[in-house]
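Worksheet: the structure to be examined is printed underneath.
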Amino acid sequence: MERKRQGNLLSIGAKHITHKGNLNLRFIPVEKGKNNLCLRITLKNRKFILVRVKRDLSGKSDKWALSLSKILSGEQFPYTVELKLKDGQIYGFVKFSFDVPPQTITKSKGVIGIDVNAKPFHLALAEISPDGNLQSYKSIYLSHLLKCKSRNRKEYEEWLIAHEVIKFAREKGKAIAIEDIGKLPKGKRGDGKAKLRKILQFFSYRRILKKIESLAIREGIEIVKVNPAFTSLIGMMKYCPQYFIDKDVAGAYVIGRKALGFKEEIPENYKKLLKSQIYIQYALWRLGKMGEDLRNKLKQEKNKYKANGIKRDLRKLKREKKFLEKFLMETNRKESSQSEPETQEQGNLRKEPVRGEKSSQKLWRVLRVAFAIPLLGRLFVRDFSPLRPVMVQGKWEGIARRLGPDGFAGPP
């Protein structure tokens with residue numbers, strides 16, 4: 001037993017049989033009375049006092065109900081008790097742990113993929129069957145968390161959100177797939193993205209995922225963590241046009257498919273597009289035209305913070321254009337090497353890096369830079385459904401030959 005500071009008393013429980021849960025601050029059931037539970041407080045010289053416990057149950061899901069039933073039945077389990085004296089009243093706080101139940105809901109029945117997004121601030125849930133097909137999806141909006149002024153209120157709201165996710169997974173009988181990510185990037189003052197930065201500052205991403213994971217373990221639901229790399233990119237380029245869903249649901253769908261072990265192959269029409277030098281040159285022209293428009297916009301912008309945002313977009317556009325130019329040079333070099341003698345070609349092949357997952361991820365990025373940005377006309381896009389005719393039907397050859405306005409741009 002330890003006196004932490006004046007008015008506070010802490011006693012840590014142990015599994016030892018003689019401690020009976022807690023040696024110094026122990027719950028004792030009594031036979032008579034409505035409140036039939038007391039806390040026995042150990043004093044000096046083997047003397048004790050009994051304090052009546054006043055704690056009403058808040059509902060069927062109240063954790064105190066389970067611990068109370070264990071105590072009243074005589075079951076022995078370790079628990080830690082902390083007493084605090086405030087305004088002449090004694091308040092008690094109890095910590096205890098439960099045995100982890102066996103997993104009854106596994107990914108063999110499919111998964112619920114979860115993606116957390118900052119703008120709009122919400123959770124995207126995608127239900128995926130064992131064969132990798134999208135069955136249903138839903139969104140849980142989190143904007144009310146931004147209005148929570150106290151930490152306790154925010155914690156309470158996050159627990160409610162976690163319970164809603166667990167309820168959805170239990171109803172569908174599927175495991176839960178989440179991103180294995182440490183932290184989210186935060187914006188900087190003066191970067192021209194004040195609204196997004198504010199959302200990210202209040203972002204409860206890690207706390208929500210931890211609560212979901214904690215509840216899932218208690219409910220016997222399997223949690224699968226996957227590498228978040230390129231999940232959003234693959235979702236927006238492949239599944240947004242295919243299923244007419246937004247990029248956040250598409251990201252959750254890719255997370256779920258990763259958890260089930262599926263690999264994302266590039267569609268055939270996309271592969272044809274990547275081999276077309278005419279189209280790549282058209283994409284570079286479009287990127288250059290977008291850069292021109294941004295520079296003209298920057299000249300007219302008088303607000304320095306908004307100007308910083310335009311400069312940031314210009315830097316990003318410059319990087320993307322340089323990346324695409326490098327890809328075009330590498331493609332030309334490989335095509336020229338194929339016409340060389342066989343011995344020379346074999347020597348070049350030995351110098352090339354092994355093509356695998358990183359190479360595939362690079363091609364997905366090339367598709368976004370060469371395809372989505374030029375055709376949709378913006379760096380940041382939410383609606384990718386206009387790309388469906390290109391991905392599904394391959395209607396891109398005419399666009400590339402015109403080298404002009406494409407007519408595929410989405411809504412502003």
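The values are calculated or read from the model by the stated rules, or taken from the named source; none is laboratory data. What you see is a predicted model; the values in this text were computed from it and never measured. For neighbour counting, all protein chains shown are included, and Cβ atoms are generated from backbone atoms with ideal geometry for every residue, glycine included.
For this structure, a couple of remarks:
- Pick from segment 232-256, criterion in contact with an Asp or Glu (Cβ under 7 Å, 6 or more places away or on another chain) and of a type outside the set (A, V, I, L, M, F, W, C), ranking: nearest to S139 (Cα to Cα): D248
- Any hit, segment 265-274, residues being over 31 Å from the mean Cα position of the chain (by Cα) and surrounded by fewer than 18 Cβ atoms within 10 Å (Cβ to Cβ): yes
- Leading residue by the ranking (nearest to D248 (Cα to Cα)) among those in segment 123-154 that are among the charged types (D, E, K, R) and without any contact (Cβ under 8 Å) to a residue 12 or more places away in the chain: D131
- Leading residue by the ranking (nearest to I223 (Cα to Cα)) among those in segment 114-143 that are charged (D, E, K, R) and part of a loop (DSSP other than H, G, I, E, B): D131
Quick grid of which residues meet (1) modelled with pLDDT under 75; (2) part of a loop (DSSP other than H, G, I, E, B); (3) under 26 Å from P130 (Cβ atoms):
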position	(1), (2), (3)
L145	no, no, no
K149	no, yes, no
K154	no, no, no
V165	no, no, yes
I178	no, no, yes
G182	yes, yes, no
K198	yes, no, no
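Conditions tested, residue by residue: (1) surrounded by fewer than 16 Cβ atoms within 10 Å (Cβ to Cβ); (2) without any contact (Cβ under 8 Å) to a residue 12 or more places away in the chain; (3) of a type outside the set (F, W, Y).
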site	(1), (2), (3)
R206	yes, no, yes
K211	no, no, yes
N227	yes, no, yes
S232	no, no, yes
G256	no, no, yes
G288	yes, no, yes
D293	yes, yes, yes
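- Of the residues examined, E222 is not one that is touching a Gly at 6+ places or on another chain (Cβ under 9 Å) and among the acidic types (D, E).
- Residue tally, condition at pLDDT 50 or above and either outside any helix (DSSP H, G or I) or not polar (S, T, N, Q) (or both), over segment 318-355: 19
- Taking the criterion of being loosely packed, with under 14 Cβ neighbours inside 10 Å and touching a residue at least 24 places away in the same chain (Cβ under 8 Å), the only residue of segment 110-122 that qualifies is K119.
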